[in-house]
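Taking it in order: structure first as structure tokens, then the write-up.
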Amino acid sequence: MNTHLLRKLVHWSLLGLAVVVVVSGLGITESRLVEAATFGLLHKANAFKLHLALWIPFVLLLIVHVVLTTWPRTRRTSNESANDRQV
């Protein structure tokens, strides 16, 4: 898989997951508002279950996102420092 495509997939997945985590968190604290906004699909118990189920995937995607974002910089700086030593 192309690295650029993988980065885009991870970035957009993290954004979508972050929105769902925020909405489910609001569903726990502001249950009447979110239940009305989702037409009764996300009531307080479902929001709590969803919120608990999504924290592991959220953390994993966040770690992958950070690694993919910083990896080219660390690789580039290590290559530059290796080139500096050869001179």
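A short reminder: the numbers here are calculations on the coordinates, not readings from a lab. Keep in mind it's a predicted model, so treat the numbers as computed, not measured. As a convention, Cβ positions derive from the backbone with ideal geometry for all residues, glycine included, and neighbour counts pool all protein chains shown.
If you project the alpha carbons of the range 10-79 onto the principal axes, what extent comes out on each, in Å, largest first?
55, 18, 15
VAL20 versus LEU6, label points 7 Å from Cα toward the beta carbon: distance in nm?
The modelled label-to-label distance comes out at 2.2 nm.
In what order do GLU35, GLU30 fall by count of nearby beta-carbon atoms within 10 Å, going from fewest to most?
On the way: GLU35 17, GLU30 14.
So the residues, fewest neighbours to most, are GLU30, GLU35.
Could you give the nm distance between label points at GLU30 and ILE63, where each point is 7 Å from its Cα heading toward the beta carbon?
Between GLU30 and ILE63, the label points sit 3.2 nm apart.
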